[in-house]
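S.K.: Submitted below is the structure of interest, expressed as structure tokens.
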Amino acid sequence: MAFSFYFKLALSNIVKNKKNYLPYVISNIVVIAIFFCFRNLIDNIAVYSSIGITTITSLLGFGVTVLALFSLIFMFYTNSFLFKRRQKELGLYNVLGMEKRHLSMMIGFEVVIVAVTSIACGLFFGALFYKLAELFLFKLLNQPLILGLHYSFEAFLFTVELFVTIFGLTFIYSIYQIRHVNAIHLMSGAKSGEKEPKTRHLLTLVGFVSLFAGYYLSQKAKYDPAAIFIFFLAVILVIIGTYCLFVAGSVALLKLLKKNNRFYYQPKHFTMISQMIYRMKQNAVGLANICILSTMVIVTLSTTTALYLSIEDLINQKYPQDVSIFLNSEIQETGVDEEGGTIYENLPIDLKKVDEEVRTLAKEYNVTLNDVNMYEQYSMSAKIDGADITLLSDESNNVMQVVYFVPQKYLGDLACVRDSDEIMVYQSEGAFDKLSSLTINNQSFDIVSTLNHINIPGIKAEAKNTGVVYVFLKDEEAISSVIGMDFQEALRTRMGSVYQFNLSEEDEAVFYEQLTDRFHNNKQVYYTCRIESRRADSNDIFNLYGGLFFIGLFLGFTFMIATILIIYYKQISEGYDDASRYEVMQKVGMSKQEIKRSIRSQILSVFFLPLLVACCHMMFAFRLIKIILSFLHLTNTMLFMQACIGVVGVFAVSYCLIYLVTSKEYYKIVTLD
């Protein structure tokens, strides 16, 4: 009997507060559906698909982890809002005779109703739209579809266990709040936080310093692996700065505006500032949350979109020709010394013999080689500063600037170096176009030609990477002089040999396997090699960037839902807080038109501030993100910029639509229609 009473009471409370509960339940359903789709995809790809399991399942696993953490934080945030809005109601129940254990029972039934509804509907819609998600993912990956409709029991069970746990934690937190406050506090809880906040100069200073430091790091980052660490450090600093400036800086700004009599003593400005300044702490935290989420949406969608749109360019850059063979010499047993010990020697690679071996194999399988290119290159990490290049040791390999030294004989008709103190330079970014000389390890060289085009696909593709420079010298002896090492020693230790050619699609399918078997398993050769095929290996790129785009879209959509819900709750909460004030203003003679102008001024002043700040964050982060994307071989700055502009445009339009809807709800509440 008692359980039936509490169940009906809980259900009645949810129905009466549907304006607050309905968005919460819908958002939970969407998050649970997306989570189930991700988890089910991981199990089905591992069982039913032959694509690169490690790459895509790892990416989906990352997405599942992010969604789980995000769900925990997001559901706690929205549950806290719902509890705060209902504090007066719960206090009234307590005053009328319901003990705290009765309130706990009622809250427990409410949580159960919401949890069962959210999880059941989330699993239903997740199962319903799972196949669409799977089709979309495999389309992005350029892979054959999995036939049939497969559901993983483990995915169902894991989803239920996770969200039951999260709902259980929110229930425990609600009970804790009820147990530790009295009825008077509950009755007045919804009205808390109305004392005018003081201007916190120290917090404002911390905000400015943190934000400036984050921006500074993003602009001064160099092209090396440390940029990833700098990115996360800058993100933390910018988040700290954003919260501090919204909380403390906004109060300081409002008080500064209040001192401007000509601005402050106008009906629309007077009501806006006088209301906001009394509850800016709560308002500012909500605005900061919206700003951070908006930045996450923009960064996530713009980067993953740019990576996916650049897949073809990335494939052409990583695989400039159909088949590429990269060779390095290895130690070989060459004889016995006078004492009977084994003599080992690191023999140089003879590209002519490699060419003969490949062509002989091609004849055996009646395959035609097209556009054959072969060359040797000596690579060293370097520090490039204008016209000065300093070659670095192995210990400095974390620097992402690389200089390749190549004998000019591989340039064919383009070769024009005559003396050992002359060089030719090739770099896709054109950093040396205006230089007439170059200093390498304190040796001065005249630049006789800065190449704008080169007919070796491998070099042309590699030079597109940020921080890569090709230097062509007269011959091997000139290279030995520059690097301070005998050329034969360089050839045996750090010289890489490259052999590349094109094939027809039919020939490549057969010849690639035979070529791999011959070079990898032939014990007579004295070198190690890595063989890459455009058609065989390009799936790895589709798996990586297609998977990133898929996860980016769904995570961006999830962050967007959270942004919408926070904005909605912020507007509803402020509407209820302002309703009594505007009612008093109407009684003392303020017209509805004046109230509407005041509302519009208030909302416009703060509503679009998070979007503007998010765009500012993205603008300063652009350079640092571009550096990180260059590690993934995305060097097309214009493409990334276009992706950012497109994402910001779409997000801004969505933001405006949210503004139109929520401001209308706010006006309905405060005017008591």
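The values are calculated or read from the model by the stated rules, or taken from the named source; none is laboratory data. In this text the structure is predicted, and so the values were computed from the model without any measurement. Every residue, glycine among them, receives a Cβ derived from its backbone with ideal geometry; neighbour counts consider all protein chains shown. For accessibility, only protein heavy atoms count, side chains too; no ligands or nucleic acids. Shrake-Rupley method; radii C 1.70, N 1.55, O 1.52, S 1.80 Å.
S.K.: Which one of these is of a type in the set (Lys, Arg), at pLDDT below 75 and either over 26 Å from residue 634 (Cα atoms) or not in a helix (DSSP H, G or I) (or both): 492, 518?
M.R.: Matching residue, one of 492, 518: 492.
S.K.: Give 165, 170, 117 a once-over and let me know the one that is surrounded by fewer than 13 Cβ atoms within 10 Å (Cβ to Cβ), within 29 Å of residue 79 (Cα to Cα) and not hydrophobic (A, V, I, L, M, F, W, C).
M.R.: Going through 165, 170, 117 in turn, the sole match is 165.
S.K.: Of all the residues that make up the stretch 441-454, how many are open to solvent by less than 50 Å² (accessible area, probe 1.4 Å) and either in a loop (DSSP other than H, G, I, E, B) or farther than 13 Å from residue 424 by Cβ (or both)?
M.R.: So the count comes out to 1.
S.K.: Can I ask one more? Six or more apart or on different chains, Cβ under 9 Å: which pairs go from a residue in the stretch 233-257 that's farther than 17 Å from residue 293 by Cβ to one that's among the acidic types (Asp, Glu)? Could you list them?
M.R.: Here the result reads 251/196, each pair linking the stretch 233-257 to a residue that is among the acidic types (Asp, Glu).
S.K.: Just give me the residues in the stretch 605-641 being open to solvent by less than 20 Å² (accessible area, probe 1.4 Å) and more than 15 Å from residue 242 (Cβ to Cβ), in sequence order.
M.R.: 607, 624, 625, 627, 629, 630, 634, 640, listed by residue number.
S.K.: Residues in the stretch 306-321: is at least one out of contact with any Cys (no Cβ under 9 Å at 6 or more places or on another chain), modelled with pLDDT under 65 and of a type in the set (A, V, I, L, M, F, W, C)?
M.R.: Taking every residue of the stretch 306-321 in turn, none turns out to be out of contact with any Cys (no Cβ under 9 Å at 6 or more places or on another chain), modelled with pLDDT under 65 and of a type in the set (A, V, I, L, M, F, W, C).
Every residue, every condition in (1) of a type outside the set (Gly, Ala, Ser); (2) surrounded by fewer than 17 Cβ atoms within 10 Å (Cβ to Cβ); (3) over 21 Å from residue 552 (Cα atoms); (4) at pLDDT 80 or above, yes or no:
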site: 85; (1), (2), (3), (4): yes, no, yes, no
site: 88; (1), (2), (3), (4): yes, yes, yes, no
site: 94; (1), (2), (3), (4): yes, no, yes, no
site: 97; (1), (2), (3), (4): no, yes, yes, no
site: 122; (1), (2), (3), (4): no, no, no, yes
site: 150; (1), (2), (3), (4): yes, yes, yes, no
site: 157; (1), (2), (3), (4): yes, yes, yes, yes
